[in-house]
Amino acid sequence: MQLSSLNRVSSFKSAGKLITGHGAAQQLQSYVQTLGMKCPLLVTDSGVVASGTLEIITEQLMALNVTYEVFDQVTPEPEVEIVEICTRAFIAGQHDSVIAIGGGSAMDIAKCVAVYARYEGPLEGLFGENKVARREVPLIAMSTTAGTGSEVTNIAILSDKAQQMKKGIVSDCLLPDVAIVAPELTLSCPRSVTAASGVDALVHAVEAYLSNFATPITDALAVKAMNLIVHALPKAFANPNHLQAREDMATGSLLAGLAFGNAGVGAVHALAYPLGGRYHLAHGVTNALLLPFVMEWNKLACVERFRGIAVAFDEPVTGLSDDAVADLVIKRLHKLCADVEIPSGLRSFDIPESAIPALAAEAINVERLLRNNPRVLTQADIEAIYHAAY
């Protein structure tokens, strides 16, 4: 057998334990006890607090006579300073553990605090890949959105306001001890967040499927995620109380997180980073906006892989050429984004077209993600994609 026909050696990582399905949120109590949490800091945002969702968590903690405090200062696209502020609250409150309740922003802050609180050195020393040696603080992640997959990934992304760029901490130490994915926690999610986070989850699945580091395991996860999301997202957007659609989105987002947490994401995310850093655009929105245009560009390198995506979308492909199938996929992506009211075009956000060269100059440096992309991109290629998406 030729070596080229064999799959490369790969590993698979996730949170220590996954708890999923309707009613999963009520399982928190058991894992608080298992992890020996006596005084957790709950990391969330003001929207989750206002929605009443937090009560599902606090009622269980009070039943255990567990002392807790709530840190609700997490903001969308959180800045580095939020980690510092939250860590000071963790230390001042003599907390022994962290529970994240929210979307990707809350989970990323919680993951950072869990490793930074016992770290002797500046936060800057943790940015990059595998700079975290250990995590001593128990961590549970509970998602209130269906999109980021942060509850099962080893990365946290922060905004550096001074440098106008996104920075990441990448380490398996960031993987939570327990991830609880409960559709009932997503019912209060605003429609705009449902849309942006939902397409973000689809981006994760698509980019993981097309990644240079995809494996049979990540492919299976990505295909199922795509199938769930493409059908459930319009329903969850149109009817926020559609519990089956919410459950399918929660499961699809989780599967997509597991896929990209191991196979990686590519150029969509690389090009989205400068937009978030410079213009503070929501991560899910920028990914959604860029996805069809990056897909069009990647088509040349992996057109045959688009057939698998089309099948996941339940598109009819019999008798169609690979090129025709790829065009069908891209058309479906444009329609989905329009159906859930994702703004079309960078111009919708008052970004001057003259900024594109600078954006491309930043994006080309996101090598950690671009190396996963099936097509090698030059800075000129990236400029062309931004222009197409303008």
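The values are calculated or read from the model by the stated rules, or taken from the named source; none is laboratory data. This one's a predicted model, so the numbers in the text were calculated from it and none came from an experiment. Cβ atoms come from the backbone with ideal geometry, glycine included; neighbour counts cover every protein chain shown. Quick note on the areas: whole protein, heavy atoms, side chains included, nothing else; ligands and nucleic acids left out. Shrake-Rupley method; radii C 1.70, N 1.55, O 1.52, S 1.80 Å.
For (1) of a type outside the set (A, V, I, L, M); (2) open to solvent by less than 10 Å² (accessible area, probe 1.4 Å), each residue gets a yes or a no:
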site: Thr67; (1), (2): yes, no
site: Val70; (1), (2): no, no
site: Glu84; (1), (2): yes, no
site: Ala89; (1), (2): no, no
site: Ala92; (1), (2): no, no
site: Met107; (1), (2): no, yes
site: Gly128; (1), (2): yes, no
site: Ala133; (1), (2): no, no
site: Pro138; (1), (2): yes, no
Looking only at segment 150-163, how many residues end up being assigned to a loop (DSSP other than H, G, I, E, B) and either surrounded by 24 or more Cβ atoms within 10 Å (Cβ to Cβ) or among the acidic types (Asp, Glu) (or both)?
1
In segment 97-126, the residues that are touching a residue at least 60 places away in the same chain (Cβ under 8 Å) and in a loop (DSSP other than H, G, I, E, B):
Gly103
What pairs can you find where one residue is in segment 66-93 and farther than 19 Å from Ile169 by Cα, the other is among the aromatic types (Phe, Trp, Tyr) and open to solvent by less than 90 Å² (accessible area, probe 1.4 Å), and their Cβ atoms are less than 7 Å apart, with a gap of 6+ or different chains?
Ala89/Phe71
What single numbered condition from (1) open to solvent by 10 Å² or more (accessible area, probe 1.4 Å); (2) out of contact with any Lys or Arg (no Cβ under 9 Å at 6 or more places or on another chain); (3) in contact (Cβ under 8 Å) with a residue 60 or more places away in the chain; (4) of a type outside the set (Phe, Trp, Tyr) fails to hold for Thr251?
(2)
Here are the criteria: (1) under 18 Å from the mean Cα position of the chain (by Cα); (2) assigned to a strand (DSSP E or B); (3) farther than 25 Å from Asn365 by Cα. Tell me which single one Lys166 does not satisfy.
(3)
Please state which of the following conditions Ala380 fails to meet, knowing it meets all the rest: (1) under 19 Å from Val223 (Cα atoms); (2) open to solvent by 50 Å² or more (accessible area, probe 1.4 Å).
(1)
Mind counting the residues in segment 344-361 that are buried (at least 18 other Cβ atoms within 10 Å of the Cβ) and at pLDDT 95 or above?
3
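To keep it simple, each residue is scored yes or no on (1) open to solvent by less than 30 Å² (accessible area, probe 1.4 Å); (2) farther than 26 Å from Val70 by Cβ; (3) modelled with pLDDT under 95; (4) part of a helix (DSSP H, G or I).
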position: Ser4; (1), (2), (3), (4): no, yes, yes, yes
position: Val9; (1), (2), (3), (4): no, yes, yes, no
position: Ala15; (1), (2), (3), (4): yes, no, yes, no
position: Ser30; (1), (2), (3), (4): no, no, no, yes
Residue pairs, Cβ under 9 Å, 6 or more apart or interchain, first in segment 195-213 and assigned to a helix (DSSP H, G or I), second of a type in the set (Lys, Arg) and open to solvent by 10 Å² or more (accessible area, probe 1.4 Å). List them.
Ala205/Lys224; Tyr209/Arg305; Leu210/Arg305
Going by the conditions given, is Ala238 surrounded by fewer than 24 Cβ atoms within 10 Å (Cβ to Cβ), small (Gly, Ala, Ser) and over 19 Å from Ala312 (Cβ atoms)?
yes
Return the pair list, or none, for Cβ contacts closer than 8 Å from residues in segment 330-344 that are without any contact (Cβ under 8 Å) to a residue 24 or more places away in the chain to residues that are of a type in the set (Ser, Thr, Tyr), at least 6 apart or on different chains.
Ala338/Ser344
What number goes with the only condition from (1) under 20 Å from Leu210 (Cβ atoms); (2) at pLDDT 95 or above; (3) open to solvent by 30 Å² or more (accessible area, probe 1.4 Å) that Glu367 does not pass?
(2)
When you go through (1) within 18 Å of the chain's Cα centre (by Cα); (2) open to solvent by 10 Å² or more (accessible area, probe 1.4 Å) one by one for Thr218, which number turns out not to apply?
(2)
Being surrounded by 19 or more Cβ atoms within 10 Å (Cβ to Cβ), within 21 Å of Ile330 (Cα to Cα) and at pLDDT below 95: is that true of Ala205 here?
no
So, of the residues in segment 306-318 that are open to solvent by 80 Å² or more (accessible area, probe 1.4 Å) and outside any helix (DSSP H, G or I), which turns out to be modelled with the highest pLDDT?
Asp314
Please verify whether Glu207 is within 15 Å of Gly308 (Cβ to Cβ) and touching a His at 6+ places or on another chain (Cβ under 8 Å), treating the condition exactly as stated.
yes
In segment 324-343, what count of residues is obtained for those that are outside any helix (DSSP H, G or I), open to solvent by 10 Å² or more (accessible area, probe 1.4 Å) and over 20 Å from Asn298 (Cβ atoms)?
2
Per-region count, segment 43-65, residues open to solvent by less than 60 Å² (accessible area, probe 1.4 Å), in a loop (DSSP other than H, G, I, E, B) and of a type outside the set (A, V, I, L, M, F, W, C):
3
